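The values are calculated or read from the model by the stated rules, or taken from the named source; none is laboratory data. What you see is a predicted model, and the numbers here were worked out from it, not measured in a lab. Positions of Cβ are backbone-derived with ideal geometry, glycine not excepted, and every protein chain shown enters the neighbour counts. For accessibility, only protein heavy atoms count, side chains too; no ligands or nucleic acids. Shrake-Rupley method; radii C 1.70, N 1.55, O 1.52, S 1.80 Å.
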Amino acid sequence: MSKKIVIGNWKMNPLTLKEAEKLFAGTAGLIAGDKKVEVVVCPPFLYLEKLRKISKRISVGAQNGFFEDTGAFTGEVSLEMLYDIGARYVILGHSERRAMGETDMDVNKKVKSAIKASFTPVLCIGESARDENHEYLNFIRKELEACLAGISRNSVSKLIIAYEPIWAIGEGAHSATPEEFLEMSIFIKKILSDKFGVEAGGKIRIIYGGSADEKNAGEFLKIGKADGFLLGRASLNPKKFNKIIQIAGEI
Ligand code: PEP
């Protein structure tokens, strides 16, 4: 059985490097050293290199990355560059990036580039709303298949799928239920096994994101059988983040 993983997505926070160092060190100081749970923090790009050196217990990841290695792509940062400065995980296809125009085709290129650069890609998928006819299941199938098009079974050993229903993310939203997650995770596993075979597909971890916190984490792990979490707000609070890691280590 693979390790549980807890990933923090700091988004565009905090405002200064000094604050980022304080937050990262504060978080690292609370986490047990037993490494039962894989812990990753994804800060803004420009804090990555400094933060990576603060703690061996927490790995750092990027929140995005461009698929070309170098070239005339003003404003972009390539996945190869991010790997070079120590990022080993990368969140791809987050709904906030998709809302800014990122397409499944972009995400697909990024997943391929991330695999080529030896990253652990964390591919985010999720529907914006649920409907009585279960059309959202077709949406998830199409999104997953498009983002993984052309990827072979021998290159997905590190891949992680983060199921993040868009309606569950952020301030004022409510999380999915562990039962909703379980149902979706079974659905995703079937798509992955059909595509990559039972062995390779079965090894892909499926984690939950969307208003997950220290209060509902236990149920997502026990009832929902989640392999871990992608956390937004809770990752900016060292005590909450650590509590979730602790819970994941016990289940
Ligand atoms: C996210 O944006 O990936 C996320 C899960 O956010 P939150 O936990 O704040 O809902």
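Taking SER185, is it of a type in the set (Ser, Thr, Tyr) and either out of contact with any His (no Cβ under 7 Å at 6 or more places or on another chain) or surrounded by fewer than 19 Cβ atoms within 10 Å (Cβ to Cβ) (or both)? When the stated conditions are applied, SER185 passes them.
The residues of the stretch 198-211 that are closer than 17 Å to GLU127 by Cα and open to solvent by 10 Å² or more (accessible area, probe 1.4 Å) amount to a single one, SER211. Among the helices (runs of 4 or more DSSP H) confined to the stretch 1-118, the ones with at least 3 residues that are hydrophobic (A, V, I, L, M, F, W, C) and open to solvent by 20 Å² or more (accessible area, probe 1.4 Å) are located at 17-30.
Of all residues in the stretch 124-149, exactly one satisfies the criterion of being in a loop (DSSP other than H, G, I, E, B), more than 10 Å from PRO165 (Cα to Cα) and under 18 Å from the mean Cα position of the chain (by Cα), namely LEU148.
Within the set of pairs 6 or more residues apart or between chains, which connect a residue that is over 15 Å from VAL41 (Cβ atoms) and acidic (Asp, Glu) inside the stretch 53-73 to a residue that is open to solvent by 60 Å² or more (accessible area, probe 1.4 Å) and not in a strand (DSSP E or B) with Cβ atoms less than 6 Å apart? Within 6 Å, the pairs are ASP69/GLU80.
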